[in-house]
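Okay, structure first, notes after.
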Amino acid sequence: MKQIYSLRLLLLAGVLCLFSHQTMSQTYAAEGMVVTSNRQGAEVGLAVLKKGGNAIDAAVATSFAMAVTYPVAGNIGGGGFIVYMQANGETTTIDFREKAPLAATADMYLDEHGDLIINENHLSPKAIGVPGTVAGLYLAHSKYGSLSWADVIQPAIDLAEQGTEMLYSNYFTARFIEGRHEQNPEEMKYMNEFFRDDAGKIVEPGELWKQPDLAKTLRAIRDQGADGFYKGEVAARLAGFMKEIGGLITEEDLAAYEAVERPPVHGTFGEYDIYSMPPPSSGGVTLIEMLNMAESVSDDSLAFNSAEYYHYLAEFMRRAYTDRARYLGDPDFNPDIPLNEILNKERAARLAAGIDPEKASVSDSTQVQLPEGTNTTHMSFMDKDGNAVSLTYTLEYSYGSRIVAGGLGFVLNNEMGDFNPVPGVTTSTGLIGSAPNQIAPGKRMLSSMTPTIVAKDGKPYLVIGSPGGRTIINTVFQTVYNVLAFDMALDAAIEAPKIHHQWLPDQILFERDKVSPDTQALLRAMGHKLIPVNGLGDLNGILVEPRQNLIIGVSDSASPEGAALGY
Ligand code: DON
């Protein structure tokens, strides 16, 4: 297995030289690369790189552009994380996760009987967290960017002002929203106007879709920096809108929001160094814990795609997600998270040694006093100097709360749904009630986003991440594991079958058409419950083939409108 993949990589690398070539899913380049789920965004990033901008400039410009072109997840009304590795291996992260408003309380989604009010934490104005994206992009750019702030935001303004080609994905969404709204005028009422022109008609695929309100908001951010969003007219309008619709965010909340630079979590796998997002994401910690378990079980004993491989992966996942539920939350509110213990290789080896090779273990909800949901997008960047950016940002659900900020033109998140909504209650269906991720004013909700960079010989080697709520960590884990343990080519690793186990509910989700019926039967015989799903993850990654100085970009086939663009 190993040899076949190495050979393939070498062969590919051997025939390619210093020009960019694109196939269905892979792009090869020598200088720089941008990989996103949205071609229009990737084009902006590529132009920035070609103009001499670095990976941070490209990431910031693409993120603003995708707030215009990819509103299902691209945003200025949500939050996310950046992992940034310079060419010399120095790595840092930027945390721009949303925060709970100051008026939030631990039991804010419960009725008088202590029961969760259905949809209140996900689809109500109270589900909106204080947005972090603008502060995060501003911080990343001020510390590490090389072009001017105006240079990286102007392309987004141009797209909003002059219009962007209506994509099929946005168009189908617009039609879907219209149908839902017609059936129930209360449903999607804020989104129903979103994809329309001045005459009120839904913009057709291929036509130009203009967003003048969003252009105005972006101009304020261009001219005043992050203050253009968190203070002044935009903040006042946003707070006024919140009051009108019954949301909690005030001008004080907005003025108090700060993005934070944090050291990455670090692990190793063989000769590779893994750098990923620390809490308030659970992604990096859980990823490294699973890689540690996988490393302790020799890869020769786990043939890729065998029932045994899936069994072991599911058991690693079960164990790591138990720790996630027990320990992880916003570090500013949980100063005692035992990171050294969770990331310890001997402990991981002991956990892995407890796996019965022939029998599924059982998840026990009384072990911990566990939550999360469905859109996010990941992008990967590399510049001509070898600096790399791994960026995942989100609105939580597709189009977040489905509420467009009045007159400001952007979609607001529903990230509050990532907090544990019912204190103390953990159920076998996957509700978690543990303390570290209960709601408190100003606290960041636990995330599963796992923007990751793997270094080899101290330099960026693999840049990767995915959307998918709680499945993200497992999708990234399997992709990284497939590349590092089996020397698999990046496109093969991204398209390879994925499974997901999250401790509770005690079941394995698997990609319907990718795991053979025979393998499924073997897993059932071991005691696993299997649930088919259409797909897991939407990975956008970069792999550097250092021997050939080749940058390989791969955009997951899950996003037909995605692109890996290099030069
Ligand atoms: O931060 C998180 O983990 C979630 N809010 C991400 C949601 C998500 O990935 C949905 N995507 N498909």
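Table for the structure above
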{"item": "Pairs where the first residue, in region 262-283, is surrounded by fewer than 16 Cβ atoms within 10 Å (Cβ to Cβ) and the second is of a type in the set (Lys, Arg), C-beta under 6 Å, 6+ apart", "result": "none"}
{"item": "Subset of region 275-326 [away from the ligand (no atom under 16 Å from the Cβ) and among the hydroxyl-bearing types (Ser, Thr, Tyr)]", "result": "275, 296, 298, 301, 306, 309, 310, 312, 322"}
{"item": "Conditions (1) in contact with a Leu (Cβ under 7 Å, 6 or more places away or on another chain); (2) on the phi < 0 side of the Ramachandran plot; (3) of a type outside the set (Asp, Glu); number of the one not met by residue 468", "result": "(2)"}
{"item": "Failed item, numbered, when residue 565 is tested on (1) out of contact with any Pro (no Cβ under 9 Å at 6 or more places or on another chain); (2) assigned to a helix (DSSP H, G or I)", "result": "(2)"}
{"item": "Residues of region 85-110 satisfying the condition of being of a type in the set (Ser, Thr, Tyr) and open to solvent by less than 10 Å² (accessible area, probe 1.4 Å)", "result": "93, 109"}
{"item": "Conditions (1) in contact with a Gly (Cβ under 9 Å, 6 or more places away or on another chain); (2) open to solvent by 30 Å² or more (accessible area, probe 1.4 Å); number of the one not met by residue 349", "result": "(1)"}
{"item": "Any hit, region 111-126, residues being assigned to a helix (DSSP H, G or I) and either open to solvent by 10 Å² or more (accessible area, probe 1.4 Å) or of a type in the set (Gly, Ala, Ser) (or both)", "result": "yes"}
{"item": "Qualifying residue in region 364-382 (condition: farther than 30 Å from residue 485 by Cα, β-branched (Val, Ile, Thr) and either open to solvent by 10 Å² or more (accessible area, probe 1.4 Å) or away from the ligand (no atom under 16 Å from the Cβ) (or both))", "result": "yes"}
{"item": "Residue 424 vs. criteria in a loop (DSSP other than H, G, I, E, B), over 30 Å from residue 198 (Cα atoms) and of a type outside the set (Lys, Arg)", "result": "yes"}
{"item": "Residue, farthest from the ligand (Cβ to nearest atom), within region 385-402, restricted to residues that are touching a helix residue (DSSP H, G or I) at 6+ places or on another chain (Cβ under 7 Å) and not hydrophobic (A, V, I, L, M, F, W, C)", "result": "387"}
{"item": "Given (1) in a helix (DSSP H, G or I); (2) farther than 30 Å from residue 457 by Cβ; (3) touching a Gly at 6+ places or on another chain (Cβ under 9 Å), index of the condition residue 107 fails", "result": "(1)"}
{"item": "Single unsatisfied condition, residue 176 versus (1) in contact with a strand residue (DSSP E or B) (Cβ under 8 Å, 6 or more places away or on another chain); (2) farther than 15 Å from residue 408 by Cβ; (3) aromatic (Phe, Trp, Tyr)", "result": "(1)"}
{"item": "Members of region 178-229 that are open to solvent by less than 40 Å² (accessible area, probe 1.4 Å) and among the hydroxyl-bearing types (Ser, Thr, Tyr)", "result": "217"}
{"item": "Only one of 467, 423 that is within 16 Å of the ligand (Cβ to nearest atom) and open to solvent by 10 Å² or more (accessible area, probe 1.4 Å)", "result": "467"}
{"item": "Residue 441 vs. criteria away from the ligand (no atom under 14 Å from the Cβ), open to solvent by 10 Å² or more (accessible area, probe 1.4 Å) and outside any strand (DSSP E or B)", "result": "yes"}
{"item": "Helices (runs of 4 or more DSSP H) wholly inside region 451-542 containing at least 1 residues that are over 15 Å from the mean Cα position of the chain (by Cα) and over 18 Å from residue 293 (Cβ atoms)", "result": "490-495, 517-525"}
{"item": "Close pairs (6 angstrom Cβ cut-off, 6 or more residues apart or separate chains): over 24 Å from residue 431 (Cβ atoms) in region 460-486, away from the ligand (no atom under 16 Å from the Cβ) and aromatic (Phe, Trp, Tyr) anywhere", "result": "484/269; 484/272; 486/304"}
{"item": "Among (1) in contact with a strand residue (DSSP E or B) (Cβ under 8 Å, 6 or more places away or on another chain); (2) within 16 Å of the ligand (Cβ to nearest atom); (3) open to solvent by less than 10 Å² (accessible area, probe 1.4 Å), the one test that residue 405 misses", "result": "(2)"}
{"item": "Every residue from region 264-284 that is under 19 Å from the mean Cα position of the chain (by Cα) and assigned to a strand (DSSP E or B)", "result": "265, 266, 274, 275, 276, 281"}
{"item": "Considering residues of region 150-166 that are open to solvent by 30 Å² or more (accessible area, probe 1.4 Å) and within 24 Å of the chain's Cα centre (by Cα) only, the residue nearest to residue 222 (Cα to Cα)", "result": "155"}
{"item": "Positions within region 513-528 being in contact with a helix residue (DSSP H, G or I) (Cβ under 9 Å, 6 or more places away or on another chain) and either surrounded by 19 or more Cβ atoms within 10 Å (Cβ to Cβ) or of a type outside the set (Asp, Glu) (or both), in sequence order", "result": "514, 515, 519, 520, 521, 522, 523, 525, 526, 528"}
{"item": "Conditions (1) in contact with a Lys or Arg (Cβ under 7 Å, 6 or more places away or on another chain); (2) open to solvent by 10 Å² or more (accessible area, probe 1.4 Å); (3) within 15 Å of the ligand (Cβ to nearest atom): number failed by residue 475", "result": "(2)"}
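The values are calculated or read from the model by the stated rules, or taken from the named source; none is laboratory data. From a predicted model like this one, the values you see are computed outputs, not experimental measurements. Virtual Cβ from ideal backbone geometry, glycine too; neighbours counted across all protein chains shown. The area values use the complete protein model at the heavy-atom level, side chains included, leaving out ligands, DNA and RNA. Shrake-Rupley method; radii C 1.70, N 1.55, O 1.52, S 1.80 Å.
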